[in-house]
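Below is one structure, written out as structure tokens; the observations come after it.
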Amino acid sequence: MTLRTIETWRFKNEKGNDCIGIQKGAKGFRLEHLAGYNYRRNHNGWYSDAYQDNTYAGAYWLLSTKDDRHRALLGYYDKNAECYIFEVKEYVSFEITEDSLADILRRADNIARIEAESAVEADIAYLAQEQLRQEKEDLSHLRKGLIALCKELRKVRIEACEHPAIKEALQNSVRDLIERRNKHFAKIRRLEADPSSLIY
């Protein structure tokens, strides 16, 4: 179940863990995403989709500061959705030092990497299934066309024998359909064996 306001929402992710989502620009939250910050030069996050249109960047939500320690949640920033996602279990308490902040940056970046890799795998699997569905649908139409053409060829075989041009045209049409059918078969086998072949 998802509990949502305009700017924040609670939900369970695919692993069943409690998460909090916060929209970019939400008021009253001390949020920061870490793409390119203090940890890895020219690092703008991890690609999170099959065609590399979106990125996740490590992020933290500063909850409070007390006794020279920060308390925060670690998560990631989704560039296209313009929101932050935090797992409640990723709560940290750390001293306010340069070394501790660097460690937090690394941990947040690692969370973003893991989530991005999982999102890419899910996206590829979905796209491959959609492509498989389309290929099988096209193959079904092709089979019907091939069957109809073969029936027509049997009907006119006597006339076709008397007219070589007609016979050749029909035979070429059959060969073309068979070749297209074989290409569909090959693509279906490739996608079933390796969904990522759709992209790479």
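Points worth noting:
- Taking region 169-200 as the range and being aromatic (Phe, Trp, Tyr) and either touching a residue at least 60 places away in the same chain (Cβ under 8 Å) or within 17 Å of Lys136 (Cα to Cα) (or both) as the test, only Phe185 passes.
- Subset of region 166-187 (residues that are among the charged types (D, E, K, R) and either at pLDDT below 80 or more than 15 Å from Gly145 (Cβ to Cβ) (or both)): Lys167, Glu168, Lys187
- Within region 45-79, tally of residues that are within 29 Å of the chain's Cα centre (by Cα) and free of Cβ contacts under 8 Å to residues at least 24 places away in the same chain: 1
Yes/no matrix, rows are residues, columns are (1) in contact with a strand residue (DSSP E or B) (Cβ under 7 Å, 6 or more places away or on another chain); (2) modelled with pLDDT under 90; (3) not hydroxyl-bearing (Ser, Thr, Tyr):
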{"position": "Tyr77", "(1), (2), (3)": "yes, no, no"}
{"position": "Lys89", "(1), (2), (3)": "no, yes, yes"}
{"position": "Thr97", "(1), (2), (3)": "no, yes, no"}
{"position": "Leu127", "(1), (2), (3)": "no, yes, yes"}
{"position": "Lys136", "(1), (2), (3)": "no, yes, yes"}
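- One residue from Ile85, Ile124, Ile111 being of a type in the set (Val, Ile, Thr), closer than 18 Å to Ile20 by Cβ and not in a strand (DSSP E or B): Ile111
- The set of residues in region 142-165 being at pLDDT below 75, in a helix (DSSP H, G or I) and more than 18 Å from Arg180 (Cβ to Cβ) consists of Arg154, Lys155, Arg157, Ile158, Glu159, Ala160, Cys161, Glu162, Pro164, Ala165.
- Taken over region 47-71, the criterion of being assigned to a strand (DSSP E or B) and either surrounded by fewer than 23 Cβ atoms within 10 Å (Cβ to Cβ) or not assigned by TED's automatic domain parsing to the domain that holds Arg113 (or both) is satisfied by Tyr47, Thr55, Trp61, Leu62, Leu63, Ser64, Thr65, Lys66, Arg69, His70, Arg71.
- If the condition is being over 21 Å from Ser48 (Cα atoms) and either in a strand (DSSP E or B) or not assigned by TED's automatic domain parsing to the domain that holds Phe11 (or both), then region 89-106 contributes Lys89, Tyr91, Val92, Ser93, Phe94, Glu95.
- One residue from Glu82, Glu121, Glu130, Glu90 being within 21 Å of Arg10 (Cβ to Cβ), within 25 Å of the chain's Cα centre (by Cα) and exposed (fewer than 14 other Cβ atoms within 10 Å of the Cβ): Glu82
The values are calculated or read from the model by the stated rules, or taken from the named source; none is laboratory data. None of the values given here were measured: they were computed from a predicted structure. Quick reminder, even Gly has a Cβ in these numbers, built from the backbone with ideal geometry, and neighbours come from all protein chains shown.
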